[in-house]
Amino acid sequence: MDLKTMRATAKEKMKGTCRVCPICNGRACAGEVPGMGGTGTGEAFTENVRALANIKLNMRVVHDALQPDTTVEMFGQSLKTPIMGAPITSSAVNAGGAITELEMVTALVKGSQLAGSLGWIGDPANPSMYEDGLAAIRTAGQGIAIIKPRIDQQEILALFKLAEAAGAVALGVDLDGAGLVTMALKGQPVGPKTEDQLKELIASTSLPFIVKGIMTADEAVKCVSAGATAIVVSNHGGRVLDHTPGAADVLPEIVKAVKGKITILADGGVRSGADVLKLLALGADGVLIGRPLIVAAYGGGTEGVQTLMEKYTAELRAAMILTGCKSLKDINHEVLFKGK
Ligand SMILES: Cc1cc2nc3c(=O)[nH]c(=O)nc-3n(C[C@H](O)[C@H](O)[C@H](O)COP(=O)(O)O)c2cc1C
């Protein structure tokens, strides 16, 4: 699929909710939540992009890294790429609704799977949309379900059971959704969780458990002691709390605290294979991509998402060649330029 056509189609279909900017950095859509932007000033979204742009790479070309290997084992699955499709919900409210919720999430999850990766689904206030996500997991035969941190633990457990039955390979909560008033307005209040409450959720499932939305080292340590399999270092694409730093800026401290004890994923502002390389060099084991995949889903459906994921993976491979990394394990701080 031709990416130029895909972007032009998306721009038309998204009816101004997304300007499909040359650089997707949250400036044109600042404050547009609901919508595609970041909350408030929009700076938390922009900061994700800026944090990555501030990192420079050491180019290395005297070596034999000819055909880098981008494969990785993740949640018991053999993936072709460490790049996954982030959980995205509410097509109508956020992106104009020219494609239905089911069409959007199916494109995201199935497209990710066809690219040799995993697509994640989310849990919005409208229960029928969670059903759409589960249907997408069934279609792809795999996926990951992330549930809102509902105050009622039993509600979360019930949604976990549905995900298990649909064929999810891992489960979790987006704890950074703890302050979403939209959920409360629709009668489904959410809130933060204690370590004990996390332990209760973790004990309820035999699937790997993920905590999405960790931005400090002390909370990453709590996730380790609660027994989580993975964390996602994420400010929810800048959509929940204004004035948060970029994920790439907080990642090093978190890596220092928990590397090797838990799988570390990160997202926010990833717009190329080189960005993926940067997060892996900082210590992430994998990354998630949000908005660009929404554009791909609107512009090209399942094929659009697959094409974009494959493009990012090809870019990652090219960046590995030019930094001298034969496999993902070889990507470390040595590829990062330390300054003048
Ligand atoms: C329109 C939209 C809807 C989202 N819905 C969810 C959701 O339901 N659950 C969730 O955990 N994260 C959700 N996110 C956050 C993404 O999973 C991801 O953390 C973020 O988009 C990554 O940043 P990026 O878009 O800059 O790549 C959403 C993001 C956007 C833009």
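Remarks
- All strands (runs of 3 or more DSSP E) inside region 1-118 with 3 or more residues being more than 15 Å from the ligand (Cβ to nearest atom): 72-74, 77-79
- Among the residues of this structure, ALA248 does not count as one that is touching a strand residue (DSSP E or B) at 6+ places or on another chain (Cβ under 9 Å), surrounded by fewer than 24 Cβ atoms within 10 Å (Cβ to Cβ), among the small types (Gly, Ala, Ser) and over 22 Å from LEU3 (Cβ atoms).
- Matching residues in region 167-186 - criterion: being crowded, with 21+ Cβ neighbours inside 10 Å and either closer than 22 Å to LYS110 by Cα or not small (Gly, Ala, Ser) (or both): ALA168, ALA170, LEU171, GLY172, VAL173, ASP174, LEU175, ASP176, LEU180, MET183
- Residues in region 131-139 include at least one that is away from the ligand (no atom under 16 Å from the Cβ), part of a helix (DSSP H, G or I) and either open to solvent by less than 30 Å² (accessible area, probe 1.4 Å) or of a type in the set (Lys, Arg) (or both).
- Criterion violated by ALA44 - all others in (1) of a type in the set (A, V, I, L, M, F, W, C); (2) open to solvent by 30 Å² or more (accessible area, probe 1.4 Å); (3) touching a residue at least 12 places away in the same chain (Cβ under 8 Å); (4) touching a Lys or Arg at 6+ places or on another chain (Cβ under 9 Å) satisfied: (2)
- For region 110-127, the set of residues classified as within 15 Å of the chain's Cα centre (by Cα) and either more than 19 Å from VAL93 (Cα to Cα) or not charged (D, E, K, R) (or both) consists of GLY111, SER112, GLN113, SER117, LEU118, GLY119, TRP120, ILE121, GLY122, listed by residue number.
- Residue tally, condition more than 11 Å from the ligand (Cβ to nearest atom), under 26 Å from THR244 (Cα atoms) and open to solvent by less than 50 Å² (accessible area, probe 1.4 Å), over region 191-210: 4
- Pairs, first within 11 Å of the ligand (Cβ to nearest atom) in region 270-287, second acidic (Asp, Glu) and not in a loop (DSSP other than H, G, I, E, B), C-beta under 7 Å, six or more apart: VAL287/ASP267
- Highlighted here are the helices (runs of 4 or more DSSP H) found entirely within region 171-282 that include at least 1 residues which are modelled with pLDDT under 95: 181-185.
- Some residue of region 257-271 being within 21 Å of GLY177 (Cα to Cα), basic (Lys, Arg) and within 18 Å of the chain's Cα centre (by Cα): no
- Flag if GLY301 is in contact with a strand residue (DSSP E or B) (Cβ under 7 Å, 6 or more places away or on another chain), open to solvent by 10 Å² or more (accessible area, probe 1.4 Å) and touching a residue at least 24 places away in the same chain (Cβ under 8 Å): no
The values are calculated or read from the model by the stated rules, or taken from the named source; none is laboratory data. Just so you know, these numbers come straight off a predicted model, no measurement behind them. Methodologically, a virtual Cβ is constructed for each residue, glycine included, from the backbone with ideal geometry; neighbour enumeration extends over all protein chains shown. For accessibility, only protein heavy atoms count, side chains too; no ligands or nucleic acids. Shrake-Rupley method; radii C 1.70, N 1.55, O 1.52, S 1.80 Å.
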